[in-house]
Amino acid sequence: MKTEELTLDDLLIRGRKMWQPKKGYRMGLDTVLLAHFATVFPGNTVADLGTGVGALPLILTARAADLKVWAVEIQEPLAELARENMRLNNLTGNVNIVPGDLTTIAERWQQGSFHLVVSNPPYRKPGSGKGSPSASKRIATEEIYCTLSQVVATARKLLRPKGRFALVHKPGRLGEIIEQFVECDLQPVRLRFVHPRVTAEASLVLIEGEKDSRRELTVEKPVVVYNNEGEYTEEMKQIFYPEKSGVKSQEPE
């Protein structure tokens, strides 16, 4: 893509910056929330299924040191931007961007070796809702090249025993999500709903499963994005401005 077709955006965490298209696919709040929700420890191996321009690896590597990330993206223009974003942030030694189909990637990567798999997959089934005029955005938001069941099954293949799969999706599909997790022996262990305001219905759900686990599910307090004055809540300020708030990376228990 030409520079005039892109914006250079500051992720506001450890100096990370990111090129992304002005039109079509752009990182949303759901990606940011997933990156901060996922349980990640220093030295983990991580797979990102559908990385877009690489936002999840950029934030995850800022949260925990010495990560090794393999990130797959089916749209070559976005994959190339993701590679450029890794070069821009000096992360080419930590993050490997792989163009291709996430439904077959488990056959190319080493199965059963990842501590963490993350995914912000397409939310809508083809033909449901109002489609975007942008082909790139439709691929990112509609299950054209992958379904929910394929994403969960791929995560299962890649994870090591007790490995974790963190997903962001729409609350209306939560029953289906849990069904797919259980079918793939991914025990749901953490769940958080995201509400635009405290009085609004949930707009997103964050869920983390653990492979071959017997842990009970913990439903954590909801994320509320805006307060009554229309400003970010304190938790959201900590997410967007961690260096000002003193938030630290997670450490092993």
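The table for this structure:
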quantity: Filter result for the condition that a residue is in contact with a Ser or Thr (Cβ under 6 Å, 6 or more places away or on another chain), outside any strand (DSSP E or B) and buried (at least 24 other Cβ atoms within 10 Å of the Cβ), over A82, A71, A35; calculated: A82
quantity: Output for segment 179-200, where each listed residue is assigned to a loop (DSSP other than H, G, I, E, B) and in contact (Cβ under 8 Å) with a residue 24 or more places away in the chain; calculated: C184, D185, P196, R197, V198
quantity: Residue within segment 160-179 that is of a type outside the set (S, T, Y), touching a Pro at 6+ places or on another chain (Cβ under 9 Å), more than 21 Å from Q75 (Cα to Cα) and buried (at least 16 other Cβ atoms within 10 Å of the Cβ) present; calculated: yes
quantity: I97 vs. criteria touching a helix residue (DSSP H, G or I) at 6+ places or on another chain (Cβ under 6 Å), in contact (Cβ under 8 Å) with a residue 40 or more places away in the chain and aliphatic (A, V, I, L, M); calculated: yes
quantity: Residue satisfying all of: in segment 181-217; within 25 Å of E235 (Cα to Cα) and acidic (D, E); surrounded by the most Cβ atoms within 10 Å (Cβ to Cβ) among these; calculated: E208
quantity: Close pairs (6 angstrom Cβ cut-off, 6 or more residues apart or separate chains): more than 17 Å from L167 (Cβ to Cβ) and aromatic (F, W, Y) in segment 14-39, in a helix (DSSP H, G or I) and at pLDDT below 95 anywhere; calculated: Y25/S136; Y25/K137; Y25/A140
quantity: Residue match in segment 173-186 (condition: within 14 Å of L29 (Cβ to Cβ) and of a type in the set (V, I, T)); calculated: no
quantity: Residue in segment 60-119 that is farthest from the chain's Cα centre (by Cα), counting only those that are acidic (D, E) and within 17 Å of V152 (Cα to Cα); calculated: E107
quantity: Members of segment 114-146 found to be polar (S, T, N, Q) and modelled with pLDDT of 95 or more, listed by number; calculated: S119, N120
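The values are calculated or read from the model by the stated rules, or taken from the named source; none is laboratory data. Fair warning: this is a prediction, and the values are worked out from it, not measured in the lab. When we count neighbours, we look across all protein chains shown, and the Cβ atoms used for this are built from the backbone with ideal geometry, even at glycine.
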